[in-house]
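Every number in this text was worked out from the coordinates using simple rules, so none of it is lab data. Predicted model only: the values in this text are computed from it and were never measured. Neighbour counts are summed over all protein chains in view; Cβ atoms, including those assigned to glycine, are modelled from backbone coordinates with ideal geometry.
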Amino acid sequence: MAEIQDLKDILSNPRKIAIVGHPNPDGDCIGSMCGLCAYLEAAGHEVKMATPDRMPDNLSFITDYTKSKNFLYKESEPEKVSAMIKEADLVFCLDFNNLGRSKSLEHDLRQCGAPRILIDHHPFPALDEFAMAFSEPQRSSTCEYMYDILKELDKSNGTRLLGIECANALFCGILTDTNVFSNSVTPRTLSIASEMMDLGVDKECLQQKVTGGYRPERLSLLGYLLENSLVFNDRLKSAYMIIDSATKKRFDFRNGESEGFVNIPLSIKGVEFSALFSHNDDGGTRVSLRSRQYPVNKLAEKYFGGGGHLKAAGGRIDMETEKAGMYFEECLEKYIMDEKLFELNEDSK
Ligand SMILES: [Mn+2]
């Protein structure tokens, strides 16, 4: 694993820096990108950022914490993004663990001559794809980990560049990846949150912005799904919901509007697994998986072409969204038996 000293050395002169994130960027991705950007700008570097596709509208305020007006999307400005990565002296890859996960940016990232630096918290990183890798899967979020890295960097440089802008951006990612401090939280997560509040972060204000910036259509969609789509399976201790293309149309669905939906079935006693399937515009189906205690990253990897954290994972399948629920139950049954997670009651089959 890389050392802070390596990072210190490579940042000792002003650089042209590209920061990239993953498709469907979430709060942790955008927060860590903008937090790092604010820090690097304070240190005198020139920074540009890019993700494959658009961030949700309710999270766009996070970019206000940086001076850089360069937050580009590969889907809308492909040439500019390719040039930005090509011209960079350094490329930071945040909140994803291998180049393949960056989808439409993968080619640019593989072609670029500049060192790629990984900062991430997903298990099983492809370490050989990066010149320098900072990976700690036990972290609640990339933002939490970023805070400690930047704090260490300040310490070894004798600087105080980690200021309120940086902390505000990073706090947003901790809020979203921990579902407002309800999962993946360690003592360090809370210490960092406390240090950030000492720096001037207004927790309630940011929480309002992160969780309170949606359109009414989101709530209508949720009500509709709970009423019409939620399927429980007592035997498998599971529940799932499906957002098919007709439902998306009906509620004028925008990216990011189903954030958090997959957690809701876990509030029901006895439900150990929850899944959300959403129609993807390419014809396939996006998969989100959650659990109370059993590993779902292995389930995502085995059957849904994805991966992630122990209790929160995702993937994508080439299957009509309408059929995903049945497929999920078949796979989950096999998975529970193969992994001997618990006894399946044969009577209720
Ligand atoms: Mn994350």
- So for region 258-304, using the alpha carbon gyration tensor with a ≥ b ≥ c as root eigenvalues (a/c under 1.5 gives rounded; past that, a/b versus b/c decides prolate or oblate), I'd call it oblate
- Quote the Stokes-Einstein diffusion coefficient, in whole µm² s⁻¹, for region 172-243, based on the Kirkwood radius over alpha carbon pairs, a temperature of 10 °C and a viscosity of 1.306 mPa s. 106 µm²/s
- Message: Given an 8 Å cut-off on Cα distances and at least 6 residues of separation, report the relative contact order of the chain as a percent.
- Response: 13 percent
- For region 100-165, run through the trypsin sites (Lys or Arg not before Pro) and keep only the ones in DSSP coil with at most 13 other Cβ atoms within 10 Å of their Cβ. ARG160
- Taking every pair of alpha-carbon atoms in region 58-159, give the share separated by more than 16 Å as a whole percent. 65 percent
- Note on the structure: Measuring from the longest principal axis of the C-alpha atoms of the chain, the long axis of helix 324-338 (C-alpha) lies at a number of degrees, nearest 10, equal to 90 degrees
- Between the helical axis of 216-228 and the dominant principal axis of the chain, each derived from Cα atoms, what acute angle in degrees is found, rounded to the nearest 10? 30 degrees
- Among LEU199, LEU40, LEU299, which one shows the biggest mean-square fluctuation in a GNM of the chain, springs joining Cα atoms closer than 10 Å? LEU199
- Are there chymotrypsin sites (Phe, Trp or Tyr not before Pro) in region 85-179 that DSSP puts in a loop and that have at most 16 other Cβ atoms within 10 Å, and which ones? none
- Task: Please give the net charge around ASN157, taking every other residue with its beta carbon less than 13 angstrom from that of ASN157, where Lys and Arg add +1 and Asp and Glu add -1.
- Result: +1
- Chain lengthening between ASP281 and ALA126 when straightened (0.36 nm per residue, less Cα-Cα): 53.0 nm
- Please arrange GLU343, GLU77, GLU333 by counting, for each residue, the other beta carbons lying within 10 Å of its beta carbon, fewest first. GLU343, GLU77, GLU333
- Task: Would you please calculate the Kirkwood hydrodynamic radius of the chain over all C-alpha pairs and express it in Å, rounded to one decimal?
- Result: 20.9 Å
- Message: Around SER82, under 10 Å between beta carbons, what's the net of Lys plus Arg minus Asp minus Glu among the other residues?
- Response: -1
- Query: What Kirkwood hydrodynamic radius do you get for region 4-211 when you take the inverse of the mean 1/r over all pairs of distinct Cα atoms, in Å?
  - Reply: 16.7 Å
- Which links in LYS249/LYS311; LYS155/LYS203; LYS298/LYS334; LYS67/LYS209 stretch past 22 Å when you go from one Cα to the other? LYS249/LYS311; LYS155/LYS203
- Query: With all pairs of different alpha carbon atoms counted, what Kirkwood hydrodynamic radius in Å does region 217-338 show?
  - Reply: 14.2 Å
- Message: Using Cβ counts within 10 Å as a stand-in for footprinting exposure, how do TYR214, TYR39 rank, fewest first?
- Response: TYR214, TYR39
- Query: Given a Förster radius of 30 Å and the C-beta distance between CYS205 and LYS151 as r, what FRET efficiency does 1/(1 + (r/R0)^6) yield to the nearest 0.05?
  - Reply: 0.85
- Cα centroid of region 273-331 to Cα centroid of region 1-55, whole Å: 30 Å
